[in-house]
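Participant: The structure follows.
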């Protein structure tokens with residue numbers, strides 16, 4: 001398991017960047033936050049997200065906020081209710097502060113830059129003040145193989161000599177109909 005702290009968020013309104021720190025649906029526009037992070041050297045098969053505390057802004061505090069994790073830095077600049085998503089935040093009030101949390105089973109390749117997008121899941125007027133880095137806890141691994149070291153089995157990332165250097169390799173398995181990445 002690895003704990004990752006993301007970059008500070010970058011905000012969009014209706015697809016235009018550099019906006020105020022708001023996430024939700026406001027003035028007939030999707031308000032979106034984008035974070036970046038690098039996956040651990042083992043990759044992952046699941047994530048657990050803890051966002052910085054948020055405060056209610058305007059409209060309904062029951063407005064659904066979703067997230068999506070991708071390698072694209074531009075795919076969700078105007079994400080809304082009809083956009084692909086990885087999960088939905090639960091926003092809980094604790095000691096007078098709102099805390100968004102969520103989790104998802106998602107494969108992250110090792111040492112790869114990813115983007116975490118936070119955006120409205122409906123067109124119901126409502127938004128949150130949203131700022132600060134997020135914490136991502138990962139579990140599992142992607143592309144690991146189990147090797148017997150003589151006394152036990154250990155998880156390892158395979159490397160292959162390409163003739164001039166050692167390069168990281170991703171193991172694939174034939175599942176009977178296609179080649180799939182080991183997870």
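The values are calculated or read from the model by the stated rules, or taken from the named source; none is laboratory data. The model shown is predicted, which means the values in this text are computed figures rather than measured ones. Neighbour counts are summed over all protein chains in view; Cβ atoms, including those assigned to glycine, are modelled from backbone coordinates with ideal geometry.
Participant: Looking only at residues that are modelled with pLDDT of 95 or more and buried (at least 22 other Cβ atoms within 10 Å of the Cβ) in region 40-54, which one is nearest to residue 98 (Cα to Cα)?
Facilitator: Residue satisfying both the conditions and the ranking: 49.
Participant: Another question about this same structure. Check whether at least one residue in region 84-103 is touching a residue at least 60 places away in the same chain (Cβ under 8 Å) and under 17 Å from residue 124 (Cβ atoms), and report yes or no. Break it down stepwise before answering.
Facilitator: In the first step, residues of region 84-103 are kept if they are touching a residue at least 60 places away in the same chain (Cβ under 8 Å); the result is none.
Within region 84-103, not a single residue is touching a residue at least 60 places away in the same chain (Cβ under 8 Å) and under 17 Å from residue 124 (Cβ atoms).
Participant: Go through region 127-148 and give me each residue that's more than 12 Å from the chain's Cα centre (by Cα), crowded, with 20+ Cβ neighbours inside 10 Å and under 21 Å from residue 89 (Cα atoms).
Facilitator: Hits for region 127-148 are 127, 128, 130.
Participant: Also: Which of the residues spanning region 138-158 are over 26 Å from residue 5 (Cβ atoms) and modelled with pLDDT of 80 or more?
Facilitator: Residues of region 138-158 that are over 26 Å from residue 5 (Cβ atoms), as a first pass: 145-154, 156, 158.
Within region 138-158, 147, 148, 149, 150, 151, 152, 153, 154 meet the criteria.
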